[in-house]
Amino acid sequence: MIAALEFHLIDFSRNWRGTVFGSFVVPLLTMLGFGVGVGGYVQGGVDGVSYLEFLVPGLLASTALQIALGESTWPVMANMEWIKLYPAQAATPLRPVDIVGGHLLFALLRVIGGSSAFLVVGVLFGALPSAWALACLPIAVLLGLAVAAPVFAYSIAVPTEVYLSLLMRFAVIPMTLFSGVFFPIETMPVVLRWVAYVTPLWHAVDLCRTVTLGRAPDWAVAGHLLYLALWAVAGITLAVRGFHRRLGV
Amino acid sequence: MTPMIEAAGLVKRFGDFTAVDGIDVTVQPGESFGFLGPNGAGKSSTMRMIGCVSPPTDGLLRILGMDPVRQGPAIRARLGVCPQLDNLAPDLTVLQNLTTYARYFGIPRREARRRATELLEFVQLSERSGAEVEPLSGGMKRRLTIARALINEPDLVLLDEPTTGLDPQARHLVWERLFRLKQRGVTLVLTTHYMDEAEQLCDRLVVMDAGKIVAEGSPRALIERYSTREVVELRFQAESQSGFAAKLEGIGERTEELPDRILLYASDGDAALTEVHARGLSPSGALIRRSSLEDVFLHLTGRTLVD
Ligand SMILES: Nc1ncnc2c1ncn2[C@@H]1O[C@H](COP(=O)(O)OP(=O)(O)O)[C@@H](O)[C@H]1O
Ligand SMILES: [Mg+2]
């Protein structure tokens with residue numbers, strides 16, 4: 001598994017500059033646009049804090065989600081079908097669990113990197129007053145796993161990249177809009193609130209907000225953690241099974 | 001001694017389609033063994049089962065005395081695989097392609113570097129060590145894939161069409177390197193649809209067609225058994241060819257009629273050609289050559305190897 005992770009790290013080391021640049025610039029622009037721009041129209045803040053303070057923990061979780069998705073969709077299909085990294089690895093002593101695991105660990109390292117960059121920008125904007133914000137990192141990792149693992153299973157199973165676009169359009173966009181990133185889910189009709197409860201993102205958003213704002217969560221912390229862990233474990237199981245089936249090993 | 005490969009009644013089906021239809025193969029240590037057959041014969045499907053990346057549908061398969069389904073990782077640790085299509089890492093350098101792959105076998109970094117450097121020397125890619133893979137020529141990529149297959153000092157090397165798609169010069173370079181491996185006593189198993197490749201590299205081979213083995217032996221033995229020593233290739237003006245085959249009756253041992261020529265099989269080509277002329281036939285072209293595995297395949301299946 002570590003050997004497979006090494007591959008991804010070396011591969012990344014050959015073209016990391018764009019990615020690292022992006023992980024600072026994107027949060028910077030988002031915070032400027034939404035936090036400062038939109039925040040100017042939100043009179044009196046949200047839930048008793050400024051809009052920026054409300055927004056930043058949500059954006060952090062959604063950034064972790066985007067990175068996890070980015071690494072578990074097209075790259076997985078490319079490694080299976082186009083570059084054929086996985087088939088090359090399958091011809092060696094590596095097992096499906098090593099192949100999935102190596103790539104998944106790499107995805108999580110990227111989540112940590114992107115989330116850290118986000119935290120740095122958040123601190124510069126004065127949107128993260130408490131050192132507890134650091135606790136967002138493990139939350140981001142758990143969310144990353146809860147998202148990347150099942151999406152690995154999906155991407156290895158679907159026949160064409162059309163399905164990846166479908167996933168983005170019909171699962172990810174609604175999840176991002178209705179998971180309390182930009183506004184509290186209590187303002188939504190019950191039906192939409194269920195989108196938040198069922199999908200992973202909102203659980204991480206609520207956890208991140210709990211630690212950055214130092215306030216009580218909507219759900220018990222343990223409930224959030226267990227629910228995300230459930231996604232992660234189910235996802236890993238399905239992904240390993242899917243790799244086993246596709247690679248014939 | 002335990003055979004390197006032992007297959008009995010080996011079958012691979014994809015849905016209703018049978019790609020490998022009950023083949024029996026044994027390969028001994030130190031042998032250089034080939035699967036010769038046209039596209040679609042089932043060569044790659046067989047190689048993938050041997051490489052433990054495709055479970056057999058039916059039959060018995062033992063690689064290095066082990067069961068490929070239950071002991072896949074242990075077997076693959078001792079194999080070197082060069083797949084039909086290169087699957088190198090395009091963004092990594094030539095050297096990194098070898099060192100990262102070495103790590104999959106648990107080879108320590110320092111040792112991986114040493115072996116990689118040595119292998120690049122062997123496949124004559126040392127000057128490209130730091131270059132990216134993507135812009136390399138087909139022949140260079142192939143040699144790199146072969147080097148990668150050798151990184152774990154394998155007991156058994158599997159090469160699926162090692163020179164398909166390469167220009168003649170690049171092919172000869174690959175052959176020369178593979179011949180050296182063979183001389184070192186490495187067990188080689190390769191597939192090809194080039195009869196000259198099979199003749200050059202294989203001690204023993206099986207001829208495959210439509211998932212079945214239709215003949216087995218050394219290249220020389222196969223030619224002796226299924227063909228004559230020489231072949232006369234006769235070309236006629238296109239429209240008139242059909243009538244000529246009948247008029248050749250009795251010359252040589254037999255004839256094969258292809259769309260553009262008639263092959264006349266005889267132990268003595270000169271004598272046969274003299275006889276053709278004596279019958280008053282005047283082909284527009286005539287060529288005498290030695291029999292090859294191509295003729296063996298044609299005789300066994302009625303088709304040519306490369307279309
Ligand atoms: N994964 C697969 N699914 C369905 N059919 C396949 C698959 N792999 C190979 N085949 C079919 O099996 C036959 C043999 O293919 P292959 O083993 O690649 O032959 P060769 O290597 O001799 O050209 C071909 O008709 C091919 O289309
Ligand atoms: Mg093939």
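Residues considered: A:Gly113, A:Gly102. Of these, the only one that is within 18 Å of the chain's Cα centre (by Cα), within 14 Å of another protein chain (Cβ to nearest Cβ), under 30 Å from A:Val240 (Cβ atoms) and in contact (Cβ under 8 Å) with a residue 40 or more places away in the chain is A:Gly102.
For B:Glu216, the test of being within 13 Å of B:Leu36 (Cα to Cα), without any contact (Cβ under 8 Å) to a residue 24 or more places away in the chain and surrounded by fewer than 19 Cβ atoms within 10 Å (Cβ to Cβ) is passed.
Per-residue answers, yes or no, for (1) closer than 14 Å to B:His299 by Cα; (2) in contact with a Ser or Thr (Cβ under 6 Å, 6 or more places away or on another chain); (3) among the hydrophobic types (A, V, I, L, M, F, W, C):
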| site | (1), (2), (3) |
| --- | --- |
| B:Met208 | yes, no, yes |
| B:Val214 | yes, no, yes |
| B:Arg220 | no, no, no |
| B:Glu224 | yes, no, no |
| B:Val232 | no, no, yes |
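Taking the numbered list (1) in a helix (DSSP H, G or I); (2) more than 26 Å from the chain's Cα centre (by Cα); (3) aliphatic (A, V, I, L, M) in turn, B:Leu287 passes all entries but (1). Among the helices (runs of 4 or more DSSP H) confined to the range A:174-249, the ones with at least 3 residues that are within 30 Å of A:Ala90 (Cβ to Cβ), touching a residue at least 60 places away in the same chain (Cβ under 8 Å) and not small (Gly, Ala, Ser) are located at A:221-247.
Where helices (runs of 4 or more DSSP H) sit wholly within the range B:75-187, those with at least 3 residues that are more than 9 Å from chain A (Cβ to nearest Cβ) and of a type in the set (Asp, Glu) occupy B:109-122.
Tallying residues that are within 14 Å of chain B (Cβ to nearest Cβ), loosely packed, with under 15 Cβ neighbours inside 10 Å and hydrophobic (A, V, I, L, M, F, W, C) within the range A:10-50 yields 1. In the range B:164-178 there is no residue that is modelled with pLDDT of 95 or more, among the β-branched types (Val, Ile, Thr), more than 16 Å from ligand 1 (Cβ to nearest atom) and in the same structural domain as B:Thr46 (by TED's automatic domain parsing). The conditions of being more than 14 Å from chain B (Cβ to nearest Cβ), crowded, with 23+ Cβ neighbours inside 10 Å and in contact with a helix residue (DSSP H, G or I) (Cβ under 7 Å, 6 or more places away or on another chain) are not met by A:Ala135. The residues on offer are A:Ile173, A:Ile156, A:Ile185, and the sole one that is surrounded by fewer than 22 Cβ atoms within 10 Å (Cβ to Cβ) and under 21 Å from A:Ser72 (Cα atoms) is A:Ile173. Scan the range B:24-39 for residues that are within 15 Å of ligand 2 (Cβ to nearest atom) and either farther than 18 Å from B:Glu197 by Cα or among the hydrophobic types (A, V, I, L, M, F, W, C) (or both) and the total you get is 2.
Among the listed residues A:Arg215, A:Arg193, identify the single one that is crowded, with 16+ Cβ neighbours inside 10 Å and either modelled with pLDDT under 90 or basic (Lys, Arg) (or both). Of A:Arg215, A:Arg193, the one residue that is crowded, with 16+ Cβ neighbours inside 10 Å and either modelled with pLDDT under 90 or basic (Lys, Arg) (or both) is A:Arg193. Among residues that are more than 16 Å from ligand 1 (Cβ to nearest atom), crowded, with 22+ Cβ neighbours inside 10 Å and at pLDDT 90 or above, B:Leu159 is not included.
State whether the residues of the range B:105-119 include one that is in contact (Cβ under 8 Å) with a residue 40 or more places away in the chain, more than 16 Å from ligand 1 (Cβ to nearest atom) and in the same structural domain as B:Gly22 (by TED's automatic domain parsing). The answer is yes; a qualifying residue exists.
Of the residues contained in the range B:143-150, none is found to be of a type outside the set (Gly, Ala, Ser), assigned by TED's automatic domain parsing to the domain that holds B:Gly37, away from ligand 1 (no atom under 16 Å from the Cβ) and touching a Ser or Thr at 6+ places or on another chain (Cβ under 8 Å).
With respect to the conditions (1) away from ligand 1 (no atom under 15 Å from the Cβ); (2) under 26 Å from B:Leu144 (Cα atoms); (3) among the hydroxyl-bearing types (Ser, Thr, Tyr), B:Thr26 falls short on a single one, namely (2). Just one of the listed residues (B:Gly51, B:Gly72) is within 25 Å of the chain's Cα centre (by Cα), over 26 Å from B:Lys182 (Cβ atoms), of a type in the set (Gly, Ala, Ser) and within 11 Å of chain A (Cβ to nearest Cβ), namely B:Gly72.
Taking the range A:8-64 as the range and being among the hydroxyl-bearing types (Ser, Thr, Tyr) and farther than 30 Å from A:Lys84 by Cβ as the test, the residues that pass are A:Thr30, A:Tyr41, A:Ser50, A:Tyr51, A:Ser62, A:Thr63. Does any residue of the range B:52-68 turn out to be within 14 Å of ligand 2 (Cβ to nearest atom) and either surrounded by 23 or more Cβ atoms within 10 Å (Cβ to Cβ) or of a type in the set (S, T, N, Q) (or both)? Among the residues of the range B:52-68, at least one is within 14 Å of ligand 2 (Cβ to nearest atom) and either surrounded by 23 or more Cβ atoms within 10 Å (Cβ to Cβ) or of a type in the set (S, T, N, Q) (or both), which makes the answer yes.
Yes or no, residue by residue, for (1) in a helix (DSSP H, G or I); (2) in contact with a His (Cβ under 9 Å, 6 or more places away or on another chain); (3) polar (S, T, N, Q):
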| site | (1), (2), (3) |
| --- | --- |
| A:Gly39 | yes, no, no |
| A:Gly44 | no, no, no |
| A:Glu53 | yes, no, no |
| A:Val56 | yes, no, no |
| A:Leu60 | yes, no, no |
| A:Thr63 | yes, no, yes |
| A:Gly70 | yes, no, no |
| A:Met77 | yes, no, no |
| A:Met80 | yes, no, no |
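With respect to B:Phe14, is the statement that it is within 14 Å of ligand 1 (Cβ to nearest atom), exposed (fewer than 15 other Cβ atoms within 10 Å of the Cβ), at pLDDT 95 or above and not β-branched (Val, Ile, Thr) true? Considered against the rule, which asks whether it is within 14 Å of ligand 1 (Cβ to nearest atom), exposed (fewer than 15 other Cβ atoms within 10 Å of the Cβ), at pLDDT 95 or above and not β-branched (Val, Ile, Thr), B:Phe14 comes out as yes.
The values are calculated or read from the model by the stated rules, or taken from the named source; none is laboratory data. Please read these numbers as outputs of a predicted model, since none were measured by experiment. Note that each Cβ is placed from the backbone with ideal geometry, even for glycine, and that neighbours are counted across all protein chains shown.
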